[in-house]
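Encoded as structure tokens, the structure appears first; notes follow it.
The values are calculated or read from the model by the stated rules, or taken from the named source; none is laboratory data. Just so it is clear, the model here is predicted, and its values are computed rather than measured. Here the Cβ positions follow ideal geometry from the backbone for every residue, glycine too, while neighbour counts run over all protein chains shown. Surface areas here come from the heavy atoms of the whole protein model, side chains and all, with no ligands, DNA or RNA. Shrake-Rupley method; radii C 1.70, N 1.55, O 1.52, S 1.80 Å.
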Amino acid sequence: MKNKTDAAQKGALAFSFAGFKKHQTKNRAIGFPNLAIEPVMPEPKVTRAAITGENPGVVVKDEAWNVSYALTAIGEKSARTGAELGADGDRWATIEQTLPEIGAVDDGGSSLAVDFQLQPGEERVVRYVLSWYAPEWNGNGTPGTGAARLFANTGATYAHMYAARYKDAQGVSDYLTKNHESLLRRILSWQEVLYSASEVPGWLADSLINNLMYFPRCSAWAQAKAPIGDWCKPEDGIFAMNENPRSCPQMSCLPCDTISGMLPLIYFAPEAALSTLRTWKAYQLPNGDLPFSFGVYYDMSSPQGAGYQQVMNGANYIILLDRCWKATGDDAFLKEFYESAKKATQFSYSTRPKYGLSQIVAMPEPTSPANQLEWFEDRHWYGYVIHPGGMRLAQAEMTRRWAEKMGDQEFIKELDTWLEAGTKALEEKLWNGKFYDAYNEPETGKRENAFFSPMTNGQYFAKSTGLPGVFPKDRMDKVLAMMRTASEATATGMPPVLINNDGTLFQEREGNTAAGAGYLTGKWGYTNAQVRKIAMAFMYENQHDYGLEMLKKNLALTNLKWGYIWDGPHASSQKADDGARSYGTDYYQNMVLWGAPAALAAEDIAGPLKKGALVDRIIQASAEK
């Protein structure tokens with residue numbers, strides 16, 4: 001506050017926070033699809049405790065719900081407390097004289113007021129701290145549903161990792177009041193590194209900073225307590241990201257982990273990345289396959305979905321492991337995960353035995369509708385496939401690099417035969433002269449000769465970890481030429497997921513989609529994380545300017561035209577050629593954006609971690625001095 005008048009001014013500054021009842025979910029059904037389980041909250045038992053001393057305020061707790069918060073004013077000699085002010089203008093109009101009294105039935109709402117008097121020209125800063133403490137959560141994701149097990153073990157209760165560090169809400173508040181100046185200084189310092197970095201344009205710096213909002217919004221970190229098994233180390237717990245809490249909640253969805261690349265986690269919280277990867281290793285099936293996620297909603301200990309999108313599982317897992325090893329250079333990590341990675345790869349390449357060695361670029365033997373899907377799950381895929389095929393070739397290149405490090409000559413020879421057969425199959429079964437067809441099942445005649453823009457994913461993941469890539473250069477050049485044609489076919493300049501081989505917009509044809517098709521592969525449709533990978537694929541193929549412009553257009557559509565800075569949309573332009581969100585919020589897949597600094601520099605993902613490079617400078621600037 002600053003008094004710009006010639007007379008002394010006095011008044012009060014107040015902060016109001018709503019009570020527990022007003023923070024309860026308004027949903028009357030939970031889950032996907034919604035399941036009619038009415039949240040039944042226990043009768044409230046609200047307690048209050050005044051905080052005195054140099055940081056006065058109040059701690060409020062609902063004993064029945066085991067949730068509390070602290071509201072304090074930093075460094076104030078005195079502060080007045082009362083019930084919440086809400087949107088009641090009459091209550092706000094009288095804050096200089098009085099704050100509302102706590103009612104006979106306390107709903108937990110609070111206000112905190114600091115009185116002030118300013119002389120002409122005088123300035124004053126009043127700082128409030130709001131901290132909360134909810135040490136446990138229910139795997140259902142909705143308090144008040146008790147131990148209801150909607151799927152498997154979703155009714156289990158988990159302890160937040162932060163509850164091992166802080167004993168209550170006041171403890172959190174005390175930490176912040178003690179350290180707020182250094183925390184702010186460190187935050188501004190690392191953000192300034194980005195804004196002043198010659199490696200990234202300003203618009204990208206903005207987006208990279210805001211992109212980190214997915215951590216507080218989507219993550220949960222559980223202590224290694226029941227129902228988590230004793231395989232879990234106390235220092236690890238289970239760290240996982242929720243696919244998206246508001247649309248399709250499940251913990252550490254394997255495709256989402258891979259699409260995001262886990263890069264911000266690997267860069268800035270490697271201990272959390274290690275926790276996630278150790279959990280995947282623990283949940284690996286005896287045959288080497290992997291489940292689809294750690295559990296639905298906010299459940300961590302009920303891995304589910306084995307067989308769903310099975311064609312991608314091995315590649316997903318290996319890409320995550322390889323990125324972590326490549327970024328850290330930690331050979332102890334490689335040794336810890338090598339046998340698991342080998343097992344996953346050998347299973348992955350054994351699911352279509354009739355195709356022999358060429359099955360490395362093919363869908364599994366059809367055993368259910370679920371295993372005939374991949375990331376783009378709104379349609380079935382048949383026979384030889386270009387997108388999973390490229391990803392699985394990248395998997396083989398990465399695993400081969402691991403085998404070389406481990407001196408596993410027999411496995412190296414095995415992988416070489418797979419790579420040779422896969423490369424040959426792509427050429428013979430899918431190449432049409434301009435690009436690779438989306439799929440081809442010779443024995444049934446099912447063939448989709450549309451251009452599938454995600455086909456570049458395997459190339460991107462390989463090159464971003466310093467490998468040569470999965471497609472020959474002349475083929476990749478033609479693929480990217482078609483990608484430009486696809487981008488020019490839309491008003492947004494975004495390449496649709498599918499486009500006809502003559503460059504016209506894709507039209508659905510009878511029999512080529514799964515039930516409920518279209519939400520990922522519509523006429524103009526694209527997914528934001530996918531476009532960002534395509535943009536980076538251009539950069540790695542020495543088409544830097546085109547890739548950078550595509551990335552800028554995508555972020556401008558998302559953030560400027562539609563204002564989705566804090567929404568994290570998944571799929572866009574499914575209903576119209578305008579870039580509007582058509583599905584998904586809070587999608588942490590969009591953290592793939594943190595691959596851009598390495599791609600811009602034509603380096604692998606370890607490049608920004610080198611001494612003096614961008615990520616290293618950010619880490620150094622954010623460190624405690």
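Of note:
- Filtering the stretch 396-413 to residues that are farther than 13 Å from PHE471 by Cβ and either touching a residue at least 60 places away in the same chain (Cβ under 8 Å) or within 31 Å of the chain's Cα centre (by Cα) (or both) leaves ALA396, MET398, THR399, ARG400, ARG401, TRP402, ALA403, LYS405, MET406, ASP408, PHE411.
- Criterion: more than 30 Å from ASN140 (Cα to Cα), modelled with pLDDT of 85 or more and touching a Leu at 6+ places or on another chain (Cβ under 9 Å) - qualifying residue of ALA49, ALA73: ALA73
- Within the stretch 116-132, residues that are more than 24 Å from ASN179 (Cβ to Cβ) have Cβ atoms under 8 Å from residues that are among the hydroxyl-bearing types (Ser, Thr, Tyr) in these pairs: PRO120/THR5, counting only partners at least 6 apart in sequence or on another chain.
- Flag if TYR267 is in contact (Cβ under 8 Å) with a residue 40 or more places away in the chain, of a type in the set (Ser, Thr, Tyr) and either assigned to a helix (DSSP H, G or I) or closer than 26 Å to ASP331 by Cβ (or both): yes
- Options PRO216, PRO245, PRO234, PRO201: the member that is in contact with a Cys (Cβ under 8 Å, 6 or more places away or on another chain) and either open to solvent by 20 Å² or more (accessible area, probe 1.4 Å) or of a type in the set (Asp, Glu) (or both): PRO245
- Filtering the stretch 356-388 to residues that are open to solvent by 30 Å² or more (accessible area, probe 1.4 Å) and not small (Gly, Ala, Ser) leaves LEU357, GLU365, PRO366, THR367, PRO369, GLU377, HIS380, TYR382.
- Enumeration of residues in the stretch 578-596 that are outside any loop (DSSP other than H, G, I, E, B) and either open to solvent by less than 10 Å² (accessible area, probe 1.4 Å) or hydroxyl-bearing (Ser, Thr, Tyr) (or both): SER582, TYR583, TYR588, ASN590, MET591, VAL592, LEU593, TRP594, GLY595, ALA596
- Selection of the stretch 272-304 for residues being among the hydrophobic types (A, V, I, L, M, F, W, C) and modelled with pLDDT of 95 or more yields ALA272, ALA273, LEU274, LEU277, TRP280, ALA282, LEU285, LEU290, PHE292, PHE294.
- Residue pairs meeting the criteria (Cβ under 8 Å; at least 6 apart or on separate chains; first surrounded by fewer than 17 Cβ atoms within 10 Å (Cβ to Cβ), in the stretch 548-559; second assigned to a helix (DSSP H, G or I) and modelled with pLDDT of 95 or more): LYS552/TRP203; LYS552/LEU204; ALA556/TRP203
- Every test in (1) assigned to a helix (DSSP H, G or I); (2) surrounded by fewer than 22 Cβ atoms within 10 Å (Cβ to Cβ); (3) in contact with an Asp or Glu (Cβ under 7 Å, 6 or more places away or on another chain); (4) not aromatic (Phe, Trp, Tyr) is passed by ALA306 save one, and that test is (1).
- Residue match in the stretch 246-258 (condition: touching a residue at least 24 places away in the same chain (Cβ under 8 Å) and part of a strand (DSSP E or B)): yes
- Residue check, ASN371 over 20 Å from ILE412 (Cα atoms), in contact (Cβ under 8 Å) with a residue 60 or more places away in the chain and in a helix (DSSP H, G or I): yes
- Those residues of the stretch 440-488 which are among the β-branched types (Val, Ile, Thr), within 24 Å of the chain's Cα centre (by Cα) and surrounded by 23 or more Cβ atoms within 10 Å (Cβ to Cβ), in sequence order: THR456
- ALA315 under 14 Å from LEU393 (Cα atoms), hydrophobic (A, V, I, L, M, F, W, C), part of a helix (DSSP H, G or I) and modelled with pLDDT of 95 or more: yes
- Being buried (at least 23 other Cβ atoms within 10 Å of the Cβ), among the hydroxyl-bearing types (Ser, Thr, Tyr) and within 30 Å of ASP378 (Cβ to Cβ) is true of SER252.
- Some residue of the stretch 569-577 being modelled with pLDDT of 95 or more, among the hydrophobic types (A, V, I, L, M, F, W, C) and in a loop (DSSP other than H, G, I, E, B): no
- Residue pairs whose Cβ atoms lie under 7 Å apart, separated by 6 or more positions or on different chains, with the first residue in the stretch 179-190 and over 19 Å from ALA205 (Cα atoms) and of a type outside the set (Lys, Arg) and the second open to solvent by less than 100 Å² (accessible area, probe 1.4 Å) and at pLDDT 95 or above, are HIS180/ILE74.
- Tabulated pairs, the stretch 199-218, first aliphatic (A, V, I, L, M), second open to solvent by 40 Å² or more (accessible area, probe 1.4 Å) and not in a helix (DSSP H, G or I), C-beta under 7 angstrom, 6+ apart or interchain: MET213/TRP566
- Residue selected from the stretch 259-303 under the condition charged (D, E, K, R) and within 23 Å of CYS248 (Cβ to Cβ), by the criterion surrounded by the most Cβ atoms within 10 Å (Cβ to Cβ): ASP299
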